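This report concerns only the one structure given below.
The values are calculated or read from the model by the stated rules, or taken from the named source; none is laboratory data. Note that the structure is predicted; figures quoted are calculated from it, not measured. When we count neighbours, we look across all protein chains shown, and the Cβ atoms used for this are built from the backbone with ideal geometry, even at glycine. Heads up: the accessible areas ignore ligands, DNA and RNA and are worked out on the full protein's heavy atoms, side chains in. Shrake-Rupley method; radii C 1.70, N 1.55, O 1.52, S 1.80 Å.
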Amino acid sequence: MSGRHGAGRVTLVGGGPGSEELMTVGGVRALADADVVLYDRLAPHTLLPRLSPGALLIDVGKKPGHHPISQHGIELLMIDHARSGAHVVRLKGGDPYVLGRGGEEVLACRAAGIPVTVLSGVTSAIAVPAAAGIPLTHRGVSHMFTVVSGHDPLSDDELRHLVGLGGTIVVLMGVSTLPQLVAGLRRHGMTATIPIAIIERGHSDEQKTTISDIDGIVDAAALAGVGAPAVLVIGEVVRLAHDGNDEADRILRRAESLTEI
Ligand code: SAH
């Protein structure tokens, strides 16, 4: 890289859940200034030829189960390009610091003596439920939410505490561990009728929402052929979804007779 900007540096940009509308002004500016962009599969990368004209665009995306470039490899690439004088933008899906390994990439830059800044993004944990009409908090329904990774099954202690909190639970990377999650929540006392929504590919043309209750969701997900990427929302707030399918309407009707919301 020629190094248009003298000394190299890295900007970690949270690209939001995939739609241009949900990118930050700072993120768009950083992309316009980039010499090199390293982007993830879930980042809004189709926009890059327009947002970063002239930059070298490198796909470091990881599909579930496939790792074309390791995390360490990504960090080395980022540092190498910055060392040669480039402004490297590391474009990540959602927010870099929400289950995004942004912290590791910042530490790697610091260890290499490369200046690094982080631009927060709109996390899918909030924006994907919103795209399905689900607010994570709602007066009188839930005044908290917990965001957890479903990458690995939760421990019994974690499940017990989650059920005990009684607030909204948001799970990222949770499609493959869904059966263990719902069985675990039930085992620790979660009511069978608590609604759960799975929102796939939020903010895209293929967005799809599957809604059921805790006891029915594994069958409903299998029937709907649910796959990653998806955000799971567990809690009464799911009843507030206003663009639901038949199952959602049934749950909403039942909720109206049970709860005053
Ligand atoms: N840092 C990211 C999360 C990275 S983990 C953020 O703040 O959003 C990747 C997980 O995010 C996916 O497995 C999925 O659970 C969720 N995700 C990201 N974008 C999504 C989208 N457009 N639709 C549905 N889920 C999405």
Of the residues in the stretch 7-33 that are among the aliphatic types (A, V, I, L, M), farther than 17 Å from Ala125 by Cα and touching a helix residue (DSSP H, G or I) at 6+ places or on another chain (Cβ under 7 Å), the one that is farthest from the ligand (Cβ to nearest atom) is Ala32
How many residues of the stretch 163-185 are touching a strand residue (DSSP E or B) at 6+ places or on another chain (Cβ under 6 Å) and either away from the ligand (no atom under 15 Å from the Cβ) or on the phi > 0 side of the Ramachandran plot (or both)? The answer is 3
- Task: Restrict the check to the stretch 127-139 and report whether at least one residue is more than 21 Å from Tyr97 (Cβ to Cβ) and of a type in the set (Val, Ile, Thr).
- Result: yes
Filtering the stretch 69-100 down to residues that are over 18 Å from Ala34 (Cβ atoms), small (Gly, Ala, Ser) and open to solvent by 50 Å² or more (accessible area, probe 1.4 Å) yields Ser70
Among the residues of the stretch 217-249, the number that are away from the ligand (no atom under 16 Å from the Cβ), modelled with pLDDT under 60 and either in a loop (DSSP other than H, G, I, E, B) or open to solvent by 50 Å² or more (accessible area, probe 1.4 Å) (or both) is 3
Can you find a residue that is in a loop (DSSP other than H, G, I, E, B), farther than 30 Å from Pro44 by Cβ and open to solvent by 60 Å² or more (accessible area, probe 1.4 Å) anywhere in the stretch 172-186?
no
Being under 16 Å from Gly14 (Cβ atoms), in a helix (DSSP H, G or I) and touching a residue at least 40 places away in the same chain (Cβ under 8 Å) narrows Val128, Val118 down to just Val128
Subset of the stretch 200-216, residues surrounded by 20 or more Cβ atoms within 10 Å (Cβ to Cβ), touching a residue at least 40 places away in the same chain (Cβ under 8 Å) and more than 17 Å from Val237 (Cα to Cα), comes to Gly202, His203
The residue that is nearest to the ligand (Cβ to nearest atom), considering only those in the stretch 101-115 that are open to solvent by 20 Å² or more (accessible area, probe 1.4 Å) and under 21 Å from the mean Cα position of the chain (by Cα), is Arg101
Going through (1) farther than 18 Å from Leu154 by Cβ; (2) within 12 Å of the ligand (Cβ to nearest atom); (3) part of a loop (DSSP other than H, G, I, E, B) one by one, Ile199 fails only at (3)
Within the stretch 116-158, restricting to residues that are among the charged types (D, E, K, R) and either open to solvent by less than 30 Å² (accessible area, probe 1.4 Å) or under 26 Å from Pro179 (Cβ atoms) (or both), the one that is nearest to the ligand (Cβ to nearest atom) is Asp152
When restricted to Arg50, Arg9, the only residue in contact (Cβ under 8 Å) with a residue 60 or more places away in the chain and open to solvent by 80 Å² or more (accessible area, probe 1.4 Å) is Arg9
